[in-house]
Amino acid sequence: MSDSSTTSWPSLRVSDWTDTRDTLHMWTQIVGKIRMAHAPLVNHWWQVPLYVSPRGLTTSSVPYRSGAFEIEFDFVGHRIEVHSSDGGTDGFPLRPMTVAAFYSRILDLLGRLGIEAPIRPVPNEVDPAIPFAEDHEHASYDGEAVTLFWRQLLQANRVIGEFRSHFIGKVSPVHFFWGGMDLACTRFSGRPAPEHPGGVPNCGDWVMVEGYSRELSSCGFWPGGGEEGAFYSYAYPTPEGFAEQAPGPEGAYHSTEFQQFLFPYEADRTAPDPDRAVAEFLHSTYEAAANLGRWNRPALEDDPLRWHGTSATPGNGGA
C-alpha cells in the first residue's frame, strides 16, 4: 500500500456519487436505529452512532438479551455482516437496491439470527422523510465510490482521533452520526448550555435538547460543504465574536450558510501536509471557541505524549 498523500487522501467529488451517498445515508440510518433500539441512553446520544472500522462502518458490540451482536458495513468486500455472540452469523452483498429492499433484507437476516429490531422505520434529519419500507427512490450503490468515501473516513478518523487525545475533559468518541451522515468529535467545557431551540427536519426538538445540553466545541467531517466534502467546526452556544475569527490553514473559512467553520476536503487533500493542515484547522477553531467562551483550558487539556519515553507502558504496570 502506498503511503503517498495522494493515495492516503483520495479524491471523491460529491457530485460524482450523490445518488449513492443518499442511498447509503438511508442504509446507515436503518442500521443505526437498530443499534439505538437495544443500547441504553448515554449522554448526548453517544449510544447510537457507528464507528469507522478497518473495513467500513460498524455498530460495535450491541447488547441483546444476555449476549450481544454486531452489524458491519464491509466497504472492501461490499457486504453487510451480522455476528451474534451465540455463534450465529449472516450477511448479504451490498449492490444497487432500493432502501425498501435493504430494509426488508436486514430485518429478515436479523430474524433468522433471532434478533428483534423494533425501530421507528422513518429517517431523521432529512426532508422529505420517506418511510424505509416505501423508499423505492434511493437505489444506487457505486462500490468504488463507497470504498473511496470509507478511505476518506479512515483519514479523518485518524487525524480527529489524534486531536481528541489532547483533551482530558469530557469528550465524545470519534463516531459516525447517521442522522447527518457525518464523522464527529465533541469537547465539553463542563458547564450547562442554554436549551437548544431544535428545528432540525424530522427530528424531535427533545433530541437536540439532549445533544446540546452542555456547552461544547464540535468538529468533524461530512460529505458536503465542499466539492469533495469538508471538515467542520462549531460551538454551542456560539460565543460572541466566534464567526469573526480567522482560523488556519489557508482555505478555511466561516460559512454563513452553515453557521460554522469549514475546511474543504479538496483544500486539505492538496496541501503539502494534509495531516498537519487538518490538525491546524481543528486546534485553531477549538481555541477560538474555548478562549472566547472562557473555558478553563488548563484543567481540560494536556499533552498526549506526557508519558512518552518513560517505562510506563500500558499493561505492564509501569515495569
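Brief remarks on what is shown
- Helix-only [θ]222 nm of the chain, DSSP H runs n ≥ 4, -39500 (n - 2.57) each, per residue, nearest 500: -9500 deg cm²/dmol
- Most fluctuating residue given options 133, 279, 299, as computed from a GNM of the chain linking Cα atoms under 10 Å: 299
- Cα centroid separation - the stretch 231-264 against the stretch 71-135, whole Å: 36
- Shape category assigned to the stretch 196-269 from the gyration tensor of Cα positions, a/c cut at 1.5: oblate
- With θ taken as phi - 60° and the Karplus curve 6.51 cos²θ - 1.76 cosθ + 1.60 applied, the whole-hertz 3J(HN,Hα) list for the stretch 147-152 is 4, 5, 4, 4, 5, 4 Hz, x standing for glycine and proline.
- Cα-Cα P(r), the chain, percent of pairs per 20 Å interval: 30, 58, 11, 0
- Within the chain, longest stretch clear of exposed GluC sites (Glu not before Pro) (DSSP loop, no more than 13 other Cβ within 10 Å): 1-115
- Proximal charge balance of residue 247 [Cβ under 12 Å; K/R count +1, D/E count -1]: -4
- Computed over the stretch 141-266: relative contact order in percent, which uses C-alpha pairs under 8 Å that are six or more apart: 17
- Listed values for the stretch 163-169 are Karplus-derived 3J(HN,Hα) couplings in whole Hz (6.51 cos²θ - 1.76 cosθ + 1.60, θ = phi - 60°), namely 4, 4, 5, 7, 10, 10, x, and x replaces Gly and Pro.
- When the square roots of the Cα gyration tensor eigenvalues are ordered a ≥ b ≥ c, the ratio a/c for the stretch 80-197 is 1.5 or more and a/b exceeds b/c, which makes its shape prolate.
- Using alpha carbons only, the radius of gyration of the stretch 14-134 set against its Kirkwood radius gives Rg/Rh = 0.94.
- Relative contact order of the chain, taken over Cα pairs closer than 8 Å and 6 or more residues apart, is 17 percent.
- Trypsin sites (Lys or Arg not before Pro) lying in DSSP loop within the stretch 16-79, provided at most 13 other Cβ fall within 10 Å: 65
- Proximal charge balance of residue 123 [Cβ under 10 Å; K/R count +1, D/E count -1]: -1
- Given the chain, longest segment not containing exposed loop chymotrypsin sites (Phe, Trp or Tyr not before Pro) (DSSP; at most 16 other Cβ within 10 Å): 47-257
- Full extension of the segment from residue 299 to residue 127, taken as 0.36 nm per residue of separation minus the current Cα-Cα distance, would add 57.8 nm.
FYI, it's all coordinate maths here, none of it is from the lab. The structure presented is a predicted model; accordingly, all values stated were derived computationally and were not measured. FYI the Cβ positions are ideal-geometry reconstructions off the backbone, even for glycines, and counts take in every protein chain you see.
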